[in-house]
1. Please tell me if residue 31 is part of a helix (DSSP H, G or I) and touching a helix residue (DSSP H, G or I) at 6+ places or on another chain (Cβ under 7 Å).
2. Looking at 117, 34, which one is of a type outside the set (Lys, Arg), out of contact with any strand residue (DSSP E or B) (no Cβ under 7 Å at 6 or more places or on another chain) and closer than 15 Å to residue 3 by Cα?
3. Mind checking which residues of segment 40-50 are of a type outside the set (D, E, K, R) and open to solvent by 20 Å² or more (accessible area, probe 1.4 Å)?
4. Considering only segment 59-93, state which residues are modelled with pLDDT under 90 and open to solvent by less than 20 Å² (accessible area, probe 1.4 Å).
5. Is segment 3-10 home to any residue that is over 28 Å from residue 79 (Cα atoms) and either touching a helix residue (DSSP H, G or I) at 6+ places or on another chain (Cβ under 6 Å) or of a type in the set (S, T, N, Q) (or both)?
6. Would you point out which residue out of 88, 11, 79 is within 15 Å of residue 116 (Cβ to Cβ) and not in a helix (DSSP H, G or I)?
7. Working only within segment 94-112, note down all residues that are modelled with pLDDT under 90 and either open to solvent by 40 Å² or more (accessible area, probe 1.4 Å) or of a type in the set (Lys, Arg) (or both).
8. What are the residues in segment 14-28 that are under 12 Å from the mean Cα position of the chain (by Cα) and in a loop (DSSP other than H, G, I, E, B), if any?
Amino acid sequence: MIADDRELNLIAIKTNLTSFGMNVTKVRNGYDLMKIYKNNLSENGESKFDLILTDISMPLKNGYEVAAEIRSLERENKIDKKRAIPIIAISGDDDQFGRDSAINDYFIKGDDPDYLMQLIAKNLTKSITH
């Protein structure tokens, strides 16, 4: 799932990801991300999504708030760190990135799209091998 409040960013990233055969759900804000995330939890509280890309600066809930809420739900459902959904924060401004233990990785919009794919592959590999 990808969340960004700018439609052009959603289209560009979704196009890139789908060209690699990925199914992508896109949302425009953190509130909608959490609503869809919660509606797609399995009976044991695990996410049916493989990975979340979230913009840091969004209306209603920002990327840090979303990540904290997801990690809180995982703790409530006794989802250990090895089974936690990978979260990659995205932003157009690298000054917005503060280190946050709820976020697995960071990507600057406009950087090489191949690098984003490397981050996704790295995080999906970690979640599959654990």
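1. No: the conditions fail for residue 31.
2. Going through 117, 34 in turn, the sole match is 34.
3. If the condition is that a residue be of a type outside the set (D, E, K, R) and open to solvent by 20 Å² or more (accessible area, probe 1.4 Å), then 40, 41, 42, 44, 47, 49 are the ones that fit.
4. 91
5. yes
6. 88
7. Selection gives 94, 95, 96, 97, 99, 100, 101, 109, 110, 111, 112.
8. Those that are under 12 Å from the mean Cα position of the chain (by Cα) and in a loop (DSSP other than H, G, I, E, B): 24, 25.
The values are calculated or read from the model by the stated rules, or taken from the named source; none is laboratory data. None of these values were measured; they are calculated from a predicted model. In this analysis, Cβ positions are derived from the backbone assuming ideal geometry, glycine residues included, and neighbour counts consider all displayed protein chains. Please note that ligands, DNA and RNA were not included when accessible areas were found on the heavy atoms of the full protein model with its side chains. Shrake-Rupley method; radii C 1.70, N 1.55, O 1.52, S 1.80 Å.
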